[in-house]
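The structure under discussion appears below in the form of structure tokens.
The values are calculated or read from the model by the stated rules, or taken from the named source; none is laboratory data. Since we're looking at a predicted model, the values are computed, not measured. Glycine also receives a Cβ, built like all others from the backbone with ideal geometry; neighbour counts cover every protein chain displayed.
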Amino acid sequence: MSAKGDLLYAWTTDDNLREKAETGGAVTALLRHALESGMVDGVFAVRKGADVYDAVPALITDPAEIGGIAGSLHCGTLLLPKQMRRCLLATEPDMKIATVLKGCDVKAMYEMAKRNQVNLDNIIIIGLNCGGTIRPEVARIIVREKLGLDPDDVVKEEIDKGKFIVQTKDGQHASISIDELEEGSEDLLGNEGLGRRSNCRRCKIKIPRQADLACGNWGVIGEKAGNATFVEVCSEKGANLLNAAAKAGAVATEPANPKGVEIRGKVENAMLKLGDKWRARYFGALGEGTERLNKIREQTSRCIKCYSCIENCPICYCIDCSAKKDYPDRSRETLRVPPGRGYDPAGARARRGELGTRPAHRHRERPDLRYLQMTGDQPSTIDPFFLSGLFSGSIRVLFPVRRRFPPNCDALLT
């Protein structure tokens, strides 16, 4: 019997499923068993669309169709949690779902759970080890210009042992080093060049242990290499699924090779160090203090308000988005900020005797919040230390000063 913390090799016992899947087909077999046994009502994952560069979200309720989501899609990734919330849970909030997610997806799922947008008790999360993904258009450029192949001829791709590997419909294989692709890439303020997405390069979650099961091929060695999946049991819910599938004969398991466990740890550590290197490169380009603030303000000033960030951010979930509303332009606007995080230019000037007496009622409307008074035509009065504290080192869209944040827009400031 498996338990939380166990490290195992697992593989499907179905030969037909193994041919469609990768690394032993354990993940696909677990999903099919979850459906067949009634543990979940559906499986929400991605399947290949028009080609290997195209990913389509799919809800599978028939176990016989589970093979359609087998295999990897490094060039057609989607942020699944928000799609799940919008397309499924909005109308079926109690639906039990099994889903396959990358580390960034799992983080998004937890952020949504904090905001009561999903109930994790109803969701089984199988996390996949991830060293990064490649944009579809970038992948086509790599295949055409670096590998000398027709992108439309590619039927399979993978990222393994630091290489981007493709297979064409006539059986030809070609590969190129990820390091070679990313050598000389621009910093955060420029073109990210070829290779992985910039967010993937600096990512610090390579093995998604927040999931119920963390699966991948790192650390699978010997005769099991390529024929089994390395599974780390991360929760009791994950252990229950794995035990039930093994008992039903859907998967077979054995303890992971200790040498494989060591190799897996080394791969993870190497990826984390690489992420630190990219973070230093990206964030170092922003400078420090006021210089960093000015660069962020310069970049975000180009915003054309297409609202793609809001549409895709899993934390933005308002049906009638407050940030899209048109608010009147006044000479003095009010921005609500968390307690202790604000800087009050008007108050500071009053203390210096440059203004009249500070209104006694200013902080009485909402005693739990502090208000920051800003002059619409003087954005320079915003204190950079206020912004660095408010956004806690994260780069967020800085809305124009001439906009009032409405009462139900607290999520934008948390």
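Listed values, structure above:
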| quantity | calculated |
| --- | --- |
| Flag if A245 is touching a residue at least 12 places away in the same chain (Cβ under 8 Å), in the same structural domain as R115 (by TED's automatic domain parsing) and in a strand (DSSP E or B) | no |
| Qualifying residue in segment 236-255 (condition: of a type in the set (G, A, S), surrounded by 22 or more Cβ atoms within 10 Å (Cβ to Cβ) and within 22 Å of the chain's Cα centre (by Cα)) | yes |
| Residue in segment 70-93 that is of a type in the set (V, I, T) and crowded, with 22+ Cβ neighbours inside 10 Å present | no |
| Candidates G222, G127, G162, G193 - the one that is within 15 Å of G275 (Cβ to Cβ) and among the small types (G, A, S) | G162 |
| Contacts under 8 angstrom Cβ, first residue in segment 86-103 being farther than 27 Å from L242 by Cβ, partner surrounded by 13 or more Cβ atoms within 10 Å (Cβ to Cβ) and among the β-branched types (V, I, T), 6 or more apart | none |
| Options Q172, Q167; residue that is loosely packed, with under 15 Cβ neighbours inside 10 Å and outside the structural domain of L242 (by TED's automatic domain parsing) | Q172 |
| Boolean, I207 is at pLDDT 90 or above and assigned to a loop (DSSP other than H, G, I, E, B) | yes |
| Hits in segment 74-102 - residues which are part of a loop (DSSP other than H, G, I, E, B), touching a Pro at 6+ places or on another chain (Cβ under 8 Å) and of a type in the set (D, E, K, R) | K102 |
| Residues satisfying the stated conditions in segment 88-116, i.e. out of contact with any helix residue (DSSP H, G or I) (no Cβ under 8 Å at 6 or more places or on another chain) and within 24 Å of S37 (Cα to Cα) | L88, L89, T91, E92, P93 |
| Condition broken by A108, with the remaining ones in (1) farther than 25 Å from A50 by Cα; (2) not assigned by TED's automatic domain parsing to the domain that holds T23 satisfied | (2) |
| Condition broken by I310, with the remaining ones in (1) at pLDDT 85 or above; (2) of a type in the set (A, V, I, L, M); (3) assigned to a helix (DSSP H, G or I) satisfied | (1) |
| Answer residue from segment 222-242, given it is part of a loop (DSSP other than H, G, I, E, B) and modelled with pLDDT under 95 and is nearest to M39 (Cα to Cα) among those | N227 |
| V154 touching a residue at least 60 places away in the same chain (Cβ under 8 Å) and farther than 20 Å from S72 by Cα | no |
| Only one of I176, I126, I142 that is within 30 Å of M39 (Cβ to Cβ), touching a Leu at 6+ places or on another chain (Cβ under 9 Å) and not in a loop (DSSP other than H, G, I, E, B) | I126 |
